[in-house]
Structure formats: structure tokens, C-alpha cells
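Read through the structure below, which is laid out as C-alpha cells, and then see the notes.
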Amino acid sequence: MENHKMIEKVNLLSVADNLPELSKYLTIGKLNDHVLNIVRVENRTLDFHVHDESDEMFYIIEGSMELEFEEGKIELCEGDFIIIPRGLVHRPVCKNLVKVLLIEKIGTLTGENTGGAFEK
């Protein structure tokens, strides 16, 4: 029989509520070749950018935000999720406090596409 680590549940809202600072990403898990990060953001708009190697999923734990695209924008509210296909130019716009779960392939988030907020 294989020796497995203890399986633990994660409460997304509790983790997001306890993040020590805004705009700093916390890795809460890995799923195959994907990583799950939580971030709390307020009054921040990132530059337009694209991920060529990975789709990206945003799940709004609490609050709301917009995702802007070259051809428009979509508002996301608590409980919403959206998958941004690889190759699509986009940028998050977070005017009010929002708590977000991000899922993408490991290595997709960088300091450049997170305004310097992501650290390995």
C-alpha cells in the first residue's frame, strides 16, 4: 500500500481572509500540472497580457471584478468563474476588494504578468 500524505480540506474564504497582504499570491495546491493560487486585490488594474501556454481560470470567492479584453469586458461577481483561453489578450480590473482563486498551468503566472506581485 502506498504511503500518502494526510488529505486536508481547504476553505477558500478562510484562506483569502487571512492573507497577510493585498496582491500577494498564495499557492494552496497543485493538481497534476496546474497550480491553485489565492489572492486578495483592491484598487489594481494589471496591464493587458496573454498566456500562450495555458488557459487560466478565475473563480470569485468574494467581491467582484472585471476582466477586460480587446473587444469588451465581463463583470465577475461572487460565485462566478470564467476560463480565459490561452492566447486571449486580457487584464484584470479590481476596483473594490475581491478575493480570487486562480488555476493555470505551473509557470503561467510570472512577475511580469502580475505587476510584480507573483513570487515563486
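Some notes on this structure:
- Residue check, residue 113 assigned to a loop (DSSP other than H, G, I, E, B) and modelled with pLDDT of 95 or more: no
- One residue alone among 15, 50, 41, 10 is buried (at least 19 other Cβ atoms within 10 Å of the Cβ) and β-branched (Val, Ile, Thr), and that residue is 41.
- Residue tally, condition assigned to a strand (DSSP E or B) and over 19 Å from residue 23 (Cα atoms), over the stretch 87-105: 1
- Sole residue being hydrophobic (A, V, I, L, M, F, W, C), modelled with pLDDT of 90 or more and either exposed (fewer than 11 other Cβ atoms within 10 Å of the Cβ) or out of contact with any helix residue (DSSP H, G or I) (no Cβ under 9 Å at 6 or more places or on another chain) (or both), chosen from 22, 26, 101: 22
- Among residues of the stretch 40-86, those that are at pLDDT 95 or above, in a strand (DSSP E or B) and either among the polar types (S, T, N, Q) or over 26 Å from residue 17 (Cα atoms) (or both), counted: 4
The values are calculated or read from the model by the stated rules, or taken from the named source; none is laboratory data. Keep in mind that this is a model prediction, so the values were computed, not measured. Positions of Cβ are generated from backbone atoms using ideal geometry, with glycine treated the same way; all protein chains shown enter the neighbour counts.
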